[in-house]
C-alpha cells in the first residue's frame, strides 16, 4: 500500500473513532452559536440572528418569535449572552447563558430541550456517474452535514465503516432503506436514532432522500436545493423530530411530579459530579436535590412534568445509567404488639391449667362499696393523620 493511501486510511479511522463516543448525546457546545457576518450586516443583527438560532435549538423551529418574553429578549439579545468573540474562520462566535435562556422560555410557557439529546447515526450513499458509493466520514457532504447538525443542535454520528459494518450494510441496503438490516447494524453504536440518506447532485443542484427511525416512530422525505441549504433543512427536520419526542413541557408547579432516582455504583467524586451534571442537563425543570448518600448509592429527588416512560426515555440518553429492577424488601421483624399478644395468650393458658377450685375466702370486714371501681375516664383518641403519598422511585446503576 502506498504511503498516501496509508495516511488516508489512518485519517479515516481516527475521524470515525472520534464520532464513536459513548456520551455523544451530550452536546457540550449547545449554547455556542457561530455565524458569518454578511457584508453590510451590523453586529446587532448578527446577535439577533444568533439568538434566534439558539432559541430554535431549545424550543423547536416553530417557536413564535413575536410574542411575550421571546420578543422582548430579541430586542435586547445581549442580555442572554455570556461572551462574544471571533472564530478561526472569521465567523462571529457567541456563547449564551443557559439560565437566562431558560428563564425566557419558562416565562413564555414553552417546552424545551436540554443538552442531552438522542444520538442519530447516519448511513448514507452518494450517487455518482460510476454508481453509488458509501459516504466517507471525511467527504465534503459528511463535513457539510456535521456543520449543519452542530448548527441545529443535532447529535449526529457516523458508522465506523469497518469489516463488521461492510458485512451487514452495502449501498443497496442503504438506497432501499432496508429497516431490519440497518437497525441491526446500528445496535453496536450508542445512538437512539438511525438516519438513512441517499445523496444525489452537489453544489447548486442537490437532492436528499431520507428516512429516520427514532424509538418506535419513523419519518421520511425528500429535500432539494443547494447543498448548503439542503443539509441545513435536513438537520432542521431531524431537530424537529427529536423535539417532538424529547421536549420537556413548561408545566406549572401543580403539574410537576416529584420523582426519586436511586443510583448505585457512584464510587468517586467524579462519578457524583457527573451524575448531578447529567440530571441538570435534562432541562430547565430538573433541579436535583440530594436526599441521601449511603456508600456507593445516591438518592436524588427531581421534579418532572411527565410520566415515568418520558422520564426514563430522557435518562436513557446517558448510557452510563442502566435501569435495574426495584429491590425486594426484606421481611419486617415481628412487631411489639404481636409479641405482647402472644405473651398474653401464653399467660392465659398457664392460668387455666392451675387448680382454681378453692377460691380465697372473702374478707369479713370488707367495707361496703370496697369492690366497686370508680367510673373510667373516657379514652382520648389521637386524630388519624393520613400518610404522605410515597414518591415514585426509579432504580439505576451507574457505569462510569
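FYI, it's all coordinate maths here, none of it is from the lab. These figures come from a predicted structure and were not determined experimentally. With ideal geometry, Cβ positions are generated from the backbone for all residues, glycine too; neighbour counts draw on all protein chains shown.
When only alpha carbons of the stretch 62-105 are considered, Rg and Dmax amount to 12.2, 36 Å. Please state the shape class of the stretch 128-208: rounded when a/c is under 1.5, otherwise prolate if a/b exceeds b/c and oblate if not, all from the C-alpha gyration tensor. Verdict is oblate for the stretch 128-208. In a fully extended conformation the segment linking residue 93 and residue 309 would gain 74.0 nm over its present Cα-Cα distance, using 0.36 nm per residue. Here the stretch 102-153 yields Rg over Rh of 1.22, to two decimals, using C-alpha coordinates and the Kirkwood radius.
Calculated from the alpha-carbon coordinates, the stretch 32-108 shows an Rg and a Dmax of 12.2, 36 Å respectively.
Within 10 Å, count the other beta carbons around each residue, average over each peptide in 167-175, 128-136, and list them highest first. Display every interim value, and only then the final one.
Values: 167-175: 16.1, 128-136: 13.2.
Output ranking for 167-175, 128-136: 167-175, 128-136.
Each peptide in 106-117, 76-87 gets a packing score, the mean of other Cβ atoms within 10 Å over its residues, and the list from highest to lowest is 106-117, 76-87.
Based on the alpha-carbon gyration tensor of the stretch 160-244, what equivalent-ellipsoid semi-axes (square roots of 5 times the eigenvalues) come out, in whole Å, largest first?
On the way: eigenvalues 103, 58, 22 Å².
After scaling each eigenvalue by five and taking roots: 23, 17, 11 Å.
The share of C-alpha pairs in the stretch 67-160 whose separation exceeds 18 Å stands at 64 percent.
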